[in-house]
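**Q** Here it is, the structure, as structure tokens.
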């Protein structure tokens with residue numbers, strides 16, 4: 001069984017593929033395999049053969065003949081002639097199936113972000129122990145070749161930092177707010193109407209989806225076991241149109257970023273809305289597009305960008321993985337890819353220790369001494385102010401005013417301490433809004 | 001010999017590497033191989049062993065022991081125990097060495113852009129015929145994983161178009177002109193002072209270096225045999241600061257782009273300065289950085305960006321290639337990568353047939369009726385004008401004026417015919433300056 005494909009003889013080398021799930025991505029994968037089969041077989045050095053497809057409903061029309069369909073996942077997993085399992089059902093339930101496939105010495109291709117983010121370390125080790133491959137380009141960034149770039153292009157480099165836009169919904173909403181001056185709620189409603197956001201968008205706009213993807217990428221970039229959480233996770237729900245206007249005034253745009261940095265002793269993993277220079281490449285990644293900027297010690301900056309979701313782009317990534325995995329099966333050298341991921345014990349730094357420049361927006365009752373009090377509180381915690389502006393509305397004594405401060409580099413803990421000191425002040429109409437500034 | 005690495009036995013699997021050249025890139029490659037040897041061996045599934053290094057001067061200090069050095073390229077090529085040859089001497093003379101290496105069934109890794117652009121098709125076929133691999137990530141875009149992305153991420157997709165910034169010198173000069181208002185000459189002098197431009201910069205600023213790289217990428221994107229030339233090659237030498245100012249006024253930036261498009265019956269390959277929207281990602285690729293934007297039928301847009309030159313980034317690309325090639329050697333499945341490049345007969349369209357929007361700048365004696373005559377000439381060749389502006393200087397009758405027109409979509413042949421019609425006009429102080437506009 002271990003060398004199933006070889007045993008069938010050199011002349012008719014076949015790699016047999018079992019699929020779990022045949023929804024949008026699965027159907028697109030089958031379509032690509034059929035359309036490009038000659039080219040793919042040539043690259044793999046063997047004939048790719050879809051052997052079985054497990055689906056919920058065998059009565060529905062599928063891009064493969066009904067004789068290949070089964071409602072039984074077990075039937076796919078128990079088939080000793082199947083070399084590679086493609087898991088496209090998603091969700092937490094697939095964990096057991098992937099584990100069983102790896103234990104049965106089948107290589108696995110999956111686009112299951114959730115599982116990778118929770119159990120990626122364990123699954124990589126399981127695959128490695130059983131000498132098979134685990135490939136997951138489709139799990140992060142849809143059609144963007146970010147996993148491939150990290151694993152292959154950076155194979156002889158050291159990743160210093162990773163900065164990315166990894167949630168299409170958040171990026172669409174922020175782009176819409178900037179371009180049309182729309183409120184968060186209106187922009188989100190439009191994203192939902194266009195099918196870019198789930199009915200329950202919490203995971204996306206709350207920053208958690210991006211944070212999960214960051215954890216998966218941190219495994220490849222820093223050898224960090226996913227599932228230990230991030231230093232800081234913030235979503236975009238509290239961003240207001242006024243923040244976009246102030247950011248623009250200072251030459252910045254607001255993007256929801258994931259940021260991973262290797263500090264040697266610890267790594268820092270953050271996901272939050274961030275002000276970045278408007279002329280930076282990441283600032284110009286708009287709509288539902290995703291991008292990841294890597295900084296390598298030798299390679300310098302390297303950015304990959306494209307569609308972060310969608311059936312067709314994800315399917316292209318799954319097929320690219322299938323080529324790699326099936327080639328290793330055909331050559332009898334499975335498991336090399338997995339062994340290349342060197343997991344280490346990495347400590348994730350606490351958010352309080354992180355440093356950056358800050359944008360702080362105050363909504364205050366405009367009375368004498370308020371500006372001095374705000375500046376004083378920051379100053380007393382060694383947070384130094386680079387710029388301070390008040391909004392352009394006519395200022396009547398006693399009216400509400402918006403004050404924005406940009407700070408020099410400071411520690412998160414210091415900024416939070418300064419804001420805590422201000423909290424009891426009666427002139428604060430609402431809690432201050434804090435955004436981080438990065439020069440990417 | 002064909003299975004040299006296998007014959008030495010499974011237990012001590014070794015892949016022996018011969019290097020031609022040990023300059024900046026070569027020394028960096030040796031450094032990376034030494035620094036990351038454990039990680040690399042694990043990924044390859046064998047021990048990488050640098051067996052011989054051919055250099056001009058064996059007396060100079062090198063990052064390998066003197067016992068590995070030789071002044072004889074023949075000694076490397078004739079060594080039956082060497083599985084892989086890394087060619088880093090560059091230039092046209094290396095053609096014969098690469099051919100001999102491939103004929104001796106050694107896989108080849110090279111960063112030689114010139115050879116690939118002239119003889120890429122023949123070398124790929126030679127490698128394929130002898131069942132070995134030819135890898136050349138370092139030949140185009142230095143540290144950018146563009147070859148890998150085209151070959152692997154797009155393996156099951158169809159590339160519709162490819163748009164790139166592939167010459168760091170030109171991009172640095174244009175960025176400098178935009179940011180500082182510098183003249184072309186001043187910006188180029190600065191590039192030379194910083195080591196970003198050759199003493200003779202013709203190949204770079206004349207557009208030919210970028211065009212050669214486009215030909216290499218067109219081989220992978222469209223199956224087109226390199227060496228047949230481009231539809232159009234123009235450099236940046238005629239761009240003036242005033243062009244940057246006008247472009248900015250219309251919301252564009254000027255970038256030197258390569259553009260490849262698959263029209264089905266023909267392909268179009270162009271390299272020229274281009275106006276692109278200032279908020280596009282490519283418009284914000286500054287300085288010596290390179291970028292390539294691919295548009296896939298299934299994948300949609302996919303951009304890779306990074307350092308297009310330099311010893312360290314190129315060395316990382318060469319080592320990434322080495323991993324792939326050596327893994328195939330170790331697994332006994334050499335040649336799969338090469339066979340995956342499906343060369344076809346592709347016809348390159350003539351430039352006259354190409355279509356785009358145009359920016360046309362006229363320097364004219366400002367007399368009555370001139371604007372009407374300019375507009376009339378374009379109109380009589382069915383080139384429709386979208387916008388027309390005259391520069392902001394005070395206009396005295398008889399003084400010189402600058403008139404810029406942006407056209408709607410038109411054929412190159414029509415625009416050229418209109419300009420030819422205007423050529424005899426006495427009011428034209430200098431030949432009109434034509435730039436193409438693309439919505440990338």
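The values are calculated or read from the model by the stated rules, or taken from the named source; none is laboratory data. None of the values given here were measured: they were computed from a predicted structure. Cβ sites come from the backbone with ideal geometry, for glycine too, and all protein chains shown count toward neighbours.
**Q** Conditions first: (1) within 8 Å of chain B (Cβ to nearest Cβ); (2) modelled with pLDDT of 95 or more. Residue A:282 passes all but one, so which condition is the exception?
**A** The single condition residue A:282 does not satisfy is (1).
**Q** Would you confirm whether or not the stretch A:174-185 contains a residue that is within 14 Å of chain B (Cβ to nearest Cβ), touching a residue at least 12 places away in the same chain (Cβ under 8 Å) and not in a helix (DSSP H, G or I)?
**A** Looking through the stretch A:174-185, none of the residues is within 14 Å of chain B (Cβ to nearest Cβ), touching a residue at least 12 places away in the same chain (Cβ under 8 Å) and not in a helix (DSSP H, G or I).
**Q** Still on this structure, please answer the following. Restricting attention to the stretch B:390-410, and to residues there that are in contact with a helix residue (DSSP H, G or I) (Cβ under 7 Å, 6 or more places away or on another chain) and at pLDDT below 95, which single residue is nearest to residue B:277 (Cα to Cα)?
**A** Only one residue tops the list, namely B:403.
**Q** If you don't mind, there's one more thing I want to ask. Condition first: without any contact (Cβ under 8 Å) to a residue 24 or more places away in the chain and surrounded by fewer than 15 Cβ atoms within 10 Å (Cβ to Cβ). Can you find one or more residues in the stretch A:398-420 that meet it? Spell out how you get there, then give the answer.
**A** Initially, the stretch A:398-420 is screened for residues without any contact (Cβ under 8 Å) to a residue 24 or more places away in the chain, giving A:420.
In the following step, the residues that additionally are surrounded by fewer than 15 Cβ atoms within 10 Å (Cβ to Cβ) were identified as A:420.
Yes, some residue in the stretch A:398-420 is without any contact (Cβ under 8 Å) to a residue 24 or more places away in the chain and surrounded by fewer than 15 Cβ atoms within 10 Å (Cβ to Cβ).
**Q** At pLDDT below 95, over 28 Å from residue B:325 (Cβ atoms) and facing chain B (nearest Cβ under 8 Å): is that true of residue A:340 in this structure?
**A** Taking the combined requirement at face value, the residue does not satisfy it.
**Q** Using the structure shown, decide if residue B:34 is surrounded by fewer than 17 Cβ atoms within 10 Å (Cβ to Cβ), modelled with pLDDT of 90 or more and at negative phi.
**A** yes
**Q** Among the residues of the stretch A:144-161 satisfying the criterion of being in a helix (DSSP H, G or I) and more than 7 Å from chain B (Cβ to nearest Cβ), which is nearest to residue A:262 (Cα to Cα)?
**A** Here is the first cut: in the stretch A:144-161, the ones in a helix (DSSP H, G or I) are A:146-153.
The next check asks that each one be more than 7 Å from chain B (Cβ to nearest Cβ); those that pass are A:146-147, A:150-151.
On the way: A:146: 18, A:147: 18, A:150: 15, A:151: 17 Å.
That would be A:150.
**Q** For residue A:141, are the conditions met, namely being surrounded by 20 or more Cβ atoms within 10 Å (Cβ to Cβ), farther than 30 Å from residue B:29 by Cα, within 14 Å of chain B (Cβ to nearest Cβ) and touching a residue at least 40 places away in the same chain (Cβ under 8 Å)?
**A** Judged against the criteria, residue A:141 is a match.
**Q** Counting only residues that are in contact (Cβ under 8 Å) with a residue 60 or more places away in the chain and not in a loop (DSSP other than H, G, I, E, B), how many does the stretch A:123-138 have?
**A** Total satisfying the criteria: 8.
**Q** A follow-up question, please. Residue A:160: under 18 Å from residue A:301 (Cβ atoms) and either surrounded by fewer than 20 Cβ atoms within 10 Å (Cβ to Cβ) or out of contact with any helix residue (DSSP H, G or I) (no Cβ under 8 Å at 6 or more places or on another chain) (or both), yes or no?
**A** Yes: the conditions hold for residue A:160.
**Q** Can residue B:335 be described as touching a residue at least 60 places away in the same chain (Cβ under 8 Å), within 14 Å of another protein chain (Cβ to nearest Cβ) and under 18 Å from residue B:166 (Cβ atoms)?
**A** Against the criterion (touching a residue at least 60 places away in the same chain (Cβ under 8 Å), within 14 Å of another protein chain (Cβ to nearest Cβ) and under 18 Å from residue B:166 (Cβ atoms)), residue B:335 does not qualify.
**Q** Working only within the stretch A:197-217, note down all residues that are under 19 Å from residue A:119 (Cα atoms) and more than 10 Å from the chain's Cα centre (by Cα).
**A** Across the stretch A:197-217, the qualifying residue is only A:203.
**Q** So, in the stretch A:118-138, how many residues would count as being surrounded by 24 or more Cβ atoms within 10 Å (Cβ to Cβ) and out of contact with any strand residue (DSSP E or B) (no Cβ under 7 Å at 6 or more places or on another chain)?
**A** 3
**Q** I'd like the residue in the stretch A:196-208 that is in contact with a strand residue (DSSP E or B) (Cβ under 9 Å, 6 or more places away or on another chain) and in a helix (DSSP H, G or I) and, out of all such residues, is nearest to residue A:151 (Cα to Cα).
**A** The qualifying residue nearest to residue A:151 (Cα to Cα) is A:208.
**Q** So which residues in the stretch B:16-43 are within 13 Å of another protein chain (Cβ to nearest Cβ), over 20 Å from residue B:314 (Cβ atoms) and touching a strand residue (DSSP E or B) at 6+ places or on another chain (Cβ under 9 Å), if there are any at all?
**A** Scanning the stretch B:16-43 gives a single hit, B:41.
**Q** Residue B:221 - would you say it is assigned to a helix (DSSP H, G or I), more than 21 Å from residue B:360 (Cβ to Cβ) and touching a strand residue (DSSP E or B) at 6+ places or on another chain (Cβ under 6 Å)?
**A** Taking the combined requirement at face value, the residue satisfies it.
**Q** If you don't mind, another one. On the given criteria, is residue A:327 out of contact with any strand residue (DSSP E or B) (no Cβ under 8 Å at 6 or more places or on another chain), within 7 Å of chain B (Cβ to nearest Cβ) and crowded, with 22+ Cβ neighbours inside 10 Å?
**A** Here the answer is yes, as residue A:327 does meet what is asked.
**Q** Now for a separate question. Can you pull out the residues in the stretch B:262-278 that are within 14 Å of chain A (Cβ to nearest Cβ) and either assigned to a strand (DSSP E or B) or under 13 Å from residue B:222 (Cβ atoms) (or both)? Full working, then the answer.
**A** The first filter runs over the stretch B:262-278 and keeps only residues within 14 Å of chain A (Cβ to nearest Cβ), leaving B:276-278.
Across the stretch B:262-278, the qualifying residues are B:276, B:277.
**Q** Report, by residue number, each residue of the stretch A:44-85 that is closer than 20 Å to residue A:111 by Cβ, in a helix (DSSP H, G or I) and touching a strand residue (DSSP E or B) at 6+ places or on another chain (Cβ under 6 Å).
**A** A:73, A:76
**Q** Something else: Quick one: residue B:290 ticks every box in (1) at the interface with chain A (Cβ under 8 Å from one of its Cβ atoms); (2) within 15 Å of the chain's Cα centre (by Cα) except a single one, so which number is it?
**A** (1)
**Q** Take the residues of the stretch A:105-122 that are touching a helix residue (DSSP H, G or I) at 6+ places or on another chain (Cβ under 6 Å) and not in a helix (DSSP H, G or I): which is farthest from residue A:312 (Cα to Cα)?
**A** A:107
**Q** Within the stretch A:297-309, can you find the residues that are over 14 Å from the mean Cα position of the chain (by Cα) and more than 7 Å from chain B (Cβ to nearest Cβ)?
**A** Passing the criteria: only A:297.
**Q** Go through the stretch A:32-58 and report how many residues are out of contact with any helix residue (DSSP H, G or I) (no Cβ under 6 Å at 6 or more places or on another chain) and over 20 Å from residue B:340 (Cβ atoms).
**A** Within the stretch A:32-58, residues that are out of contact with any helix residue (DSSP H, G or I) (no Cβ under 6 Å at 6 or more places or on another chain) and over 20 Å from residue B:340 (Cβ atoms) number 6.
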